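The values are calculated or read from the model by the stated rules, or taken from the named source; none is laboratory data. The shown structure was predicted, so the numbers you read here are calculated from the model rather than taken from an experiment. Please note: Cβ atoms are built from the backbone with ideal geometry, for glycine as well, and neighbour counts cover all protein chains shown. Surface accessibility is based on the protein's heavy atoms, side chains included, excluding ligands, DNA and RNA. Shrake-Rupley method; radii C 1.70, N 1.55, O 1.52, S 1.80 Å.
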Amino acid sequence: MKKKLAIYILTALLTLSVAIPASAASYATNLSDVNNDEIIEVNPERTDEIEKLYDERTRLIQSDDNGEKLAENQMKLEGLGVEFLSTNEVQQRFGDDAPVAALLNATNVNELNSISPYVNPPEKKNIVWTSFRADMVKNGVTYEVQHLTAQSNSQPSSLKGTSTAVVQTSSSFGVAVEKLIFTVCKAGASTVSNGVSIAISFYDALKSFISDANFNATTTVSNVKVTYQTNQYQSIDYMYVKVKSKNDNTQVLSFVTNEVSGDTTAIVPVFTYGSNGATSGSTSSTINRQFSYKAPKHRDSSQAVASYLDPVYQPSQSFLNELQVTGIKGAKVHFIPMTVVTLPGSLN
């Protein structure tokens with residue numbers, strides 16, 4: 001019934017007007033010379049605060065006791081204009097229902113552009129959808145960027161995971177030289193440096209657990225077995241852009257980025273060290289370190305506008321593609337591929 005009604009309205013509007021629908025290109029000149037520095041955000045302080053609250057929310061999702069604080073975080077985000085959307089609301093705003101709804105409200109054929117591309121999120125409750133808008137100005141024209149963010153919750157999804165591995169070495173090594181845990185994140189062939197990484201030596205990780213003065217920075221150990229567990233939580237930000245004065249159905253998905261955070265735990269059993277065969281203790285030692293990485297240009301509204309104005313020469317995405325965790329003796333512990341999904345409807 002909706003489709004028949006939409007077709008009827010479309011036919012009527014076409015009869016009343018012969019105007020050509022506007023495109024993204026019609027709002028820009030010199031597309032190959034778009035300069036991101038000339039794109040000015042109207043309220044950058046608000047966006048910075050939203051980003052901080054998103055970071056806080058990610059940390060709370062990782063913690064065990066997050067109910068009350070998570071609700072408080074949501075209230076703060078909502079106070080800044082962030083909306084928490086159900087799957088149905090995402091479908092209505094970005095999906096197949098959106099163009100039909102737009103037709104019902106359209107007054108002329110210029111408003112009949114469709115959101116590109118459609119969003120058909122899976123009918124599951126394992127992903128939290130949020131949205132907020134930011135106004136950007138270039139050459140006197142105000143553009144509106146609508147951020148649609150997909151974030152994992154406590155349920156299993158492609159945006160979170162746990163990996164476990166055991167590493168054992170028979171050779172000896174100096175405790176101050178070898179790293180117990182080291183993480184990096186890759187974006188293509190590049191290593192991302194704008195994050196909180198883990199780099200801790202075997203000695204620094206364990207010295208607080210061992211009171212023996214013979215265990216020092218010059219000590220060597222051998223036959224060490226370590227169990228590693230890495231928990232990772234991802235989110236993806238989809239940026240839809242339109243001229244602010246236009247209807248939402250003219251939005252274009254122009255730029256997509258992601259981020260990952262989490263922690264790695266290393267469990268080191270009792271081991272012997274030194275020439276006298278001393279033991280490290282009576283129980284295993286557990287060391288935990290957190291990490292956090294964001295793709296270059298993550299949640300960058302100015303880049304979204306630049307890519308909207310110049311889709312040929314500007315990038316459409318910036319993704320972290322692999323989280324790498326290495327252990328003692330440089331062992332490859334976890335090489336975890338990131339969820340690289342350019343369309344929200346493909347998430348699960």
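Can you pull out every residue in the stretch 246-288 that is over 27 Å from the mean Cα position of the chain (by Cα) and assigned to a strand (DSSP E or B)? Show your work before the answer.
Initially, the stretch 246-288 is screened for residues over 27 Å from the mean Cα position of the chain (by Cα), giving 246-247, 267-286.
Once the filter is applied, which keeps residues that are over 27 Å from the mean Cα position of the chain (by Cα) and assigned to a strand (DSSP E or B), the stretch 246-288 yields 267, 268, 272, 273, 278, 279, 285, 286.
Any idea which residue in the stretch 237-271 is modelled with the lowest pLDDT, counting only those that are within 28 Å of residue 176 (Cβ to Cβ) and either among the hydroxyl-bearing types (Ser, Thr, Tyr) or open to solvent by 30 Å² or more (accessible area, probe 1.4 Å) (or both)?
Going through the stretch 237-271, the residues within 28 Å of residue 176 (Cβ to Cβ) turn out to be 262-271.
Next, only the ones that are either among the hydroxyl-bearing types (Ser, Thr, Tyr) or open to solvent by 30 Å² or more (accessible area, probe 1.4 Å) (or both) stay: 264-265, 267, 269-270.
Details: 264: 94, 265: 95, 267: 94, 269: 87, 270: 80.
The selected residue is 270.
Take the stretch 316-325 and flag every residue that is open to solvent by less than 70 Å² (accessible area, probe 1.4 Å) and in a strand (DSSP E or B).
318, 322, 323, 324, 325
Give the residues of the stretch 205-224 that are in contact (Cβ under 8 Å) with a residue 12 or more places away in the chain, out of contact with any helix residue (DSSP H, G or I) (no Cβ under 9 Å at 6 or more places or on another chain) and open to solvent by 30 Å² or more (accessible area, probe 1.4 Å), sorted by residue number.
The answer is 209, 212, 214, 218, 220, 222, 223.
So, in the stretch 217-245, exactly how many residues are in contact with a Gly (Cβ under 8 Å, 6 or more places away or on another chain), in a strand (DSSP E or B) and of a type outside the set (A, V, I, L, M)?
Matching residues across the stretch 217-245 total 6.
Are any residues in the stretch 326-348 farther than 18 Å from residue 159 by Cβ and either among the hydroxyl-bearing types (Ser, Thr, Tyr) or buried (at least 20 other Cβ atoms within 10 Å of the Cβ) (or both), and if so, which ones?
326, 327, 328, 333
For the stretch 272-281, check the following and say yes or no: at least one residue is open to solvent by less than 20 Å² (accessible area, probe 1.4 Å) and farther than 30 Å from residue 218 by Cα.
No, that holds for no residue.
List the number of the failed condition for residue 285; all other conditions in (1) open to solvent by less than 10 Å² (accessible area, probe 1.4 Å); (2) in contact with a Leu (Cβ under 8 Å, 6 or more places away or on another chain) hold.
Condition (1) is where residue 285 drops out.
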